[in-house]
Amino acid sequence: MSPDTLELVTESLWPLVRGAITGTIPLALVSFALGLVIALVIALMRLSRRRWLSAPARAYVSVVRGTPLLVQLFVIFFGLPSVGVVIDPWPSAVVAFSVNVGGYAAEVIRAAILSVPKGQWEAAHMVGMSHGVALRRIILPQAARVSVPPLSNTFISLVKDTSLASVILVTELFREAQQIAAFSREFMVLYVEAAAIYWVICLVLSAAQGRLEQRLDRYVAR
């Protein structure tokens, strides 16, 4: 690596890290939190015996999982203005990512709820709990432990997917790399540096996921 290239890497490190701290990570956190709310609602609708609830939920999951995230982002940011709905770049990215997470995480949560033995429902009903109370106090806490690994993987994937927000000019890690690369013309160096930062973030998240799984595992009956 030449001295000029090393200097460029050093000088660009803080702008890229800043983009991750102020753009990538908040975007991922907000989108994931909203996506989990959507996912829980959709999962419960999918489990409902009422067709007018389960059918729309199945359609939602099918559409979200059957179309590319980039297309969903474009529909929200570029498509909605054609029908009079204009959303700024950052909220557009949040909406697109939240809707996408909701579709994938809904199936994770649904499978986790179904994995709880039916005897847990029966025991809850025997002590006088209503369906809603049993779901909130007995079923969902157990399902949460089962769903942590796949939901953690979904969040890690979301952190990487936030790079797509750069196409609608949201300032985050990859957008910062694009801007510096366009000015310096050192595309390979800047993009590899950005990739390295994404990798470090994912390593940290993976380590946190492992520790969380270990803590939750203590409460699983053997």
key: Contact order normalised by residue count of the stretch 57-194, Cα under 8 Å, 6+ apart, percent   = 21
query = Once Lys and Arg get +1 and Asp and Glu get -1 on their Cβ, which of His125, Val159, Val200 lies farthest toward the positive end of the dipole of the chain?
reply = His125
remark   = The helix 173-184 Cα axis meets the longest alpha-carbon principal axis of the chain at an angle in degrees, between 0 and 90 and rounded to 10, of 10
key: Segment Ser184-Glu213, extension gain: residue separation times 0.36 nm, minus the distance between their alpha carbons   = 6.1 nm
message = I'd like to know which of Leu16, Thr5, Leu73 lies farthest towards the positive end of the charge dipole of the stretch 3-217, counting +1 on Cβ of Lys and Arg and -1 on Cβ of Asp and Glu.
response = Leu73
note = Taking Cα atoms only, helix 51-66 is inclined relative to the longest principal axis of the chain by an angle, in degrees rounded to 10, of 30
ask   = Hey, what angle do you get for helix 187-217 against the long axis of the chain, alpha-carbon based, 0 to 90 degrees rounded to 10?
value = 20
remark   = Averaging 1/r across every pair of distinct alpha carbons in the stretch 56-164 and inverting yields a Kirkwood hydrodynamic radius, in angstrom, of 16.0
note = Connecting every pair of Cα atoms under 10 Å apart in the chain and solving the GNM, the largest mean-square fluctuation among Ala207, Ala57, Ala39 falls on Ala207
ask   = Label points 7 Å out from Cα along the Cβ direction at Leu169 and Tyr191: separation in nm?
value = 2.3
inquiry  = Taking only Cα atoms of the chain, what ratio of Rg to Rh do you get with Rh as the Kirkwood inverse-distance radius?
reply    = 1.07
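All of the numbers you see were taken from the coordinates with simple rules; none came from a lab. Because the structure is a prediction, the values reported are computed rather than measured. We place every Cβ from the backbone using ideal geometry, glycine too, and count neighbours over all the protein chains shown.
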